[in-house]
1. Scanning for something on the phi > 0 side of the Ramachandran plot and buried (at least 17 other Cβ atoms within 10 Å of the Cβ), does the range 72-86 turn up at least one residue?
2. Look at the range 113-155 and say how many of its residues are in a strand (DSSP E or B) and more than 12 Å from the ligand (Cβ to nearest atom).
3. Here are some conditions: (1) in a helix (DSSP H, G or I); (2) modelled with pLDDT of 95 or more; (3) surrounded by fewer than 20 Cβ atoms within 10 Å (Cβ to Cβ); (4) away from the ligand (no atom under 14 Å from the Cβ). Residue 10 meets all but one. Which one does it not meet?
4. Given the criteria at pLDDT 95 or above and either within 14 Å of the ligand (Cβ to nearest atom) or surrounded by fewer than 23 Cβ atoms within 10 Å (Cβ to Cβ) (or both), does residue 182 qualify?
5. Only one of 102, 82 is in contact with a strand residue (DSSP E or B) (Cβ under 6 Å, 6 or more places away or on another chain) and away from the ligand (no atom under 16 Å from the Cβ). Can you tell me which?
6. Which of the residues spanning the range 156-174 are within 16 Å of the ligand (Cβ to nearest atom) and in a helix (DSSP H, G or I)?
7. Of the residues that make up the range 281-289, is at least one closer than 23 Å to residue 260 by Cα, more than 25 Å from the chain's Cα centre (by Cα) and at pLDDT below 95?
8. Tell me, which strands (runs of 3 or more DSSP E) wholly within the range 179-269 include 2 or more residues that are in contact with a helix residue (DSSP H, G or I) (Cβ under 9 Å, 6 or more places away or on another chain)?
Ligand code: DAS
């Protein structure tokens, strides 16, 4: 009986597959969204020595055409073509790389023959790139950033499904107008809110305010919308930005050395992000140093080394009196990105604070 049942089941499955293949084929190429995959490197393009190497591998090895060829099912959901923009691990990104990538994205989105963009990217600084593009790409077409926590050579590699999901989201009309998105581990996150919060799990990326939605078996499911300004609603335009002011982060802890703050000033930075303990706290022996740097023109932005929550203005420090800025709920690395973008427009701390509230 079991044998007969399983034969029947296999026959039925074959019929269903044949029928769905016919349905998919019936969808003419013209009906499929046109998605460009911009490859920058990272683990999603990584390769390890054996299938057991899920965390030991070399990033940025596999070229974009092989990434796309590795997931033939992409052709079922979109017309896909690839461009190799960089081939680097994302900890090696620089401001120049961010500007180059942003300008390429902006140019491609203006092309009526492009419906959406996927960016394959290392996971280490993926959140900085997604936030940066969210701030400066003035277009509401979907831009979806994707990475992987395991190389494609590993058992249970996550890159294939992450890439498939990212292309589905980039081709989805419902993804338009939601800002730059990050598709990781079946979830769709706002490029503003998401952060890498675990360094060796496939569930590494979370947003303290939650994902916007999910993508499952080729469909997107949406549950909330971004609350802050982004993309087409932004006052910042990548096409008008040719350089980013230097901003550096000093990580708060006990027994701080004031030399760290002086080094940031000597580096030519225009702002310092103080990644303070707790609610963006500043050690009592460091307050005068930061006030002195502010009086010499350096912007002081209080963020927090604590992963969740947000820094309250005038709570731990009299920010109004000191002319300092608070980073709101942005972690230090995102506060650094927003400060650099904001400083392309203004050096007025009150204007900077408005920008930190709105973006
Ligand atoms: N080094 C990491 C990077 O390129 C690898 C990864 O996780 O993508 O960001």
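1. No, the range 72-86 contains no residue that is on the phi > 0 side of the Ramachandran plot and buried (at least 17 other Cβ atoms within 10 Å of the Cβ).
2. Pass one, the range 113-155, residues in a strand (DSSP E or B): 116-120, 143-146.
Add one more test, that the residue is more than 12 Å from the ligand (Cβ to nearest atom), and what stays is 116-119, 143-144.
So the answer is 6.
3. Condition (2) is where residue 10 drops out.
4. yes
5. Residue meeting the stated conditions: 82.
6. Residues of the range 156-174 that are within 16 Å of the ligand (Cβ to nearest atom), as a first pass: 156-163, 166.
Hits for the range 156-174 are 159, 160, 161, 162, 163, 166.
7. Among the residues of the range 281-289, not one is closer than 23 Å to residue 260 by Cα, more than 25 Å from the chain's Cα centre (by Cα) and at pLDDT below 95, which makes the answer no.
8. 181-184, 187-190, 194-196, 213-216, 219-222, 247-251
The values are calculated or read from the model by the stated rules, or taken from the named source; none is laboratory data. In this text, all values refer to a predicted model and were calculated from it rather than measured experimentally. So basically every Cβ, Gly included, is an ideal-geometry build from the backbone, and we count neighbours across all protein chains shown.
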